[in-house]
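Rule-based calculations on the coordinates, nothing more; no lab input. Remember, predicted model here, so these are calculated numbers, not experimental data. Glycine gets a Cβ as well: all are built from the backbone with ideal geometry, and neighbour counts include every protein chain shown.
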């Protein structure tokens with residue numbers, strides 16, 4: 001016998017209860033009606049036997065009901081009940097004419113019961129029992145003529161007609177069993193799926209109730225007419241009334257700004273997406289004013305028909321007050337220097353498009369990016385090295401309609417001068433020595449997207465002319481080609497130089513400057529937003545701990561004091577390098593002072609001279625008297641030992657090396673800033689470092 005699960009056992013037990021009850025009702029009705037007919041015909045010969053059959057059925061059914069409450073062998077009990085039914089029906093046929101009885105169809109009732117109770121298997125077994133019982137009944141009636149005197153059944157004549165009838169009726173039993181088995185199996189499957197869906201619905205309902213009661217937002221659902229159907233406790237608190245009392249009230253009566261006309265409500269319900277969030281003032285019954293943020297979305301059934309709406313209400317009063325305080329600069333100051341900085345303090349501002357910070361300066365930058373991103377206007381990003389100009393360019397591209405197209409970043413100061421035109425605009429095969437294949441160039445690679453020209457101030461003057469034409473006409477000719485190529489790109493340029501001064505010094509074309517300076521965004525240096533330094537420290541602690549597979553979670557008080565006091569001439573990039581160095585050097589969860597980079601441990605110096613002041617000062621820069629690392633010092637025509645200079649070239653090289661190293665030291669190891677201090681371009685500075693083998697002396701290899 002097959003094993004049943006708990007759910008199937010409970011279902012079968014319940015079905016058997018109804019089966020026994022209906023059996024008693026049907027047998028009572030059938031035999032009672034037959035007895036009445038016997039009385040009407042004044043034939044009392046079978047009345048006693050009928051009453052005995054009814055009594056036996058009652059006794060067996062009651063005994064089965066008692067066993068049903070105590071046994072676990074329900075399948076075996078079910079087969080006993082089906083066999084009893086077949087036997088009972090055979091007895092009924094015997095007293096109603098035997099082989100000539102018109103009630104042989106009652107076997108089909110037993111087969112249906114078998115299918116209902118045990119599906120196809122029960123129907124098949126019952127059909128087999130019915131076939132055997134019916135054939136046995138006919139055979140006994142034909143073989144024992146004396147049964148007629150006992151039961152009143154007529155003795156059948158064994159002929160072809162009787163055999164055909166038996167075959168047809170027996171075949172019908174199996175046909176009924178097959179059809180009943182298929183139908184009941186589908187019915188059982190449907191019941192099982194319905195039960196599963198009912199359980200899932202109950203689970204989702206409980207989950208919905210738990211979410212609605214524990215979420216920090218107010219949730220209100222309405223019907224298509226705008227009447228409230230449910231509201232959680234938060235929403236009820238906004239109205240000052242219990243949740244149950246809000247039912248059937250119009251949403252506009254509870255929150256006046258949410259009132260809609262019939263036409264507006266119909267249009268909203270037929271929409272397919274949520275409305276844009278709106279904010280409105282709401283006054284509580286106690287007079288307290290709140291600023292609520294509301295989002296609404298239409299609710300539809302599985303056929304896409306509107307059945308109501310869902311309103312999500314959030315109290316943003318404190319959030320807006322905090323934003324106002326931030327804009328006034330009243331909060332988010334850097335922590336006191338005598339506290340540790342933890343990587344998981346939990347009060348970080350989220351990284352938005354690569355920026356970390358919530359100072360008024362960064363809020364203003366984000367606002368500018370939001371405003372300029374949707375247009376195709378050329379943007380000029382200005383600011384010191386390491387302030388995040390490329391991050392800003394990528395943020396503008398990510399928020400622009402070109403976000404799905406390429407973003408191509410080009411460092412104009414890192415490309416050799418003789419290759420710049422080919423790199424920007426491409427070349428054809430054979431255009432120059434080494435051009436063994438066609439090259440599309442950066443501008444064609446960015447077609448439809450954004451070109452970011454970093455360090456635009458390093459672009460040679462001849463290339464500035466060609467770039468100006470591309471910006472004006474959006475066409476160019478690849479090197480060696482006679483065919484013009486049209487491109488559709490947005491140009492974002494960046495520089496850490498004062499381009500106005502570069503124009504005055506004739507190092508940058510004035511017309512190109514004005515063509516680039518359509519929209520200018522100045523990225524603030526890190527020293528002007530000190531409240532963002534702890535946020536950046538925490539961000540980089542987590543980032544580099546994960547990168548280097550370490551668990552560094554805090555800065556000690558001493559290390560935090562050093563980090564907060566450092567001027568960061570290299571800005572965010574320098575801070576990132578310092579944190580990466582510290583995480584690498586730390587041997588536990590805490591960064592101590594001895595793990596910090598050397599430039600942080602040095603006494604703080606005054607701000608480095610600006611590039612413009614170095615380039616235009618009449619006095620020699622402060623580093624002019626810097627001594628070379630080997631101790632030589634030029635004093636007239638004598639060296640440090642008072643002996644005449646024997647080799648001018650070697651002493652000049654030593655002197656130049658000392659100047660380069662001093663500039664690197666003052667720039668915090670940032671090569672581009674060191675080049676600015678010396679008043680030379682970045683390409684020349686790198687060449688001199690390479691000439692003297694000083695690349696290894698740099699604290700950082702920051703290029704942007």
For the residue 268, residue 547 Cβ pair and Förster radius 56 Å, calculated FRET efficiency rounded to 0.05 is 0.70
Just for region 360-526, what percent of DSSP beta bridges are antiparallel, to the closest 5?
15
Can you give the extra length, in nm with one decimal, that the chain gains between residue 684 and residue 191 once fully stretched, where that is 0.36 nm per residue apart less the Cα-Cα distance?
169.2 nm
In nm, the gap between the two label points placed 7 Å beyond Cα toward Cβ at residue 364 and residue 233 is 4.5
Going by Cα centres, region 465-512 and region 348-407 are how many Å apart?
22
Gap in Å between the Cα centre of region 272-289 and the Cα centre of region 90-137?
72
Set of region 290-318 residues, backbone N closer than 15 Å to the point 7 Å along the Cα-Cβ line of residue 256:
290-292
With 0.36 nm assigned to each residue of separation and the Cα-Cα distance removed, residue 55 to residue 436 gains 126.3 nm
Sites residue 167 and residue 201 - FRET efficiency at Förster radius 56 Å, r taken between beta-carbons, to 0.05:
0.65
405, 161, 17, 657 arranged by Cβ crowding within 10 Å, fewest neighbours leading:
161, 17, 405, 657
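Between residue 8 and residue 303, what FRET efficiency comes out of the Förster formula 1/(1 + (r/R0)^6) with R0 = 41 Å and r the beta carbon distance, rounded to 0.05?
Computed FRET efficiency for residue 303 and residue 8: 0.75.
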Within a 10 angstrom radius of the beta carbon, how do 10, 85 rank from fewest other beta carbons to most?
10, 85
Ranked list, fewest to most other Cβ atoms within 10 Å of each Cβ, for 223, 189
189, 223
For residue 590 and residue 279, extending 7 Å from Cα along the Cα-Cβ vector and measuring point to point gives, in nm, a value of 4.2
Once you have the Cα-Cα distance between residue 375 and residue 602, take 0.36 nm times their residue separation minus that, and quote the gain in nm to one decimal.
77.1 nm
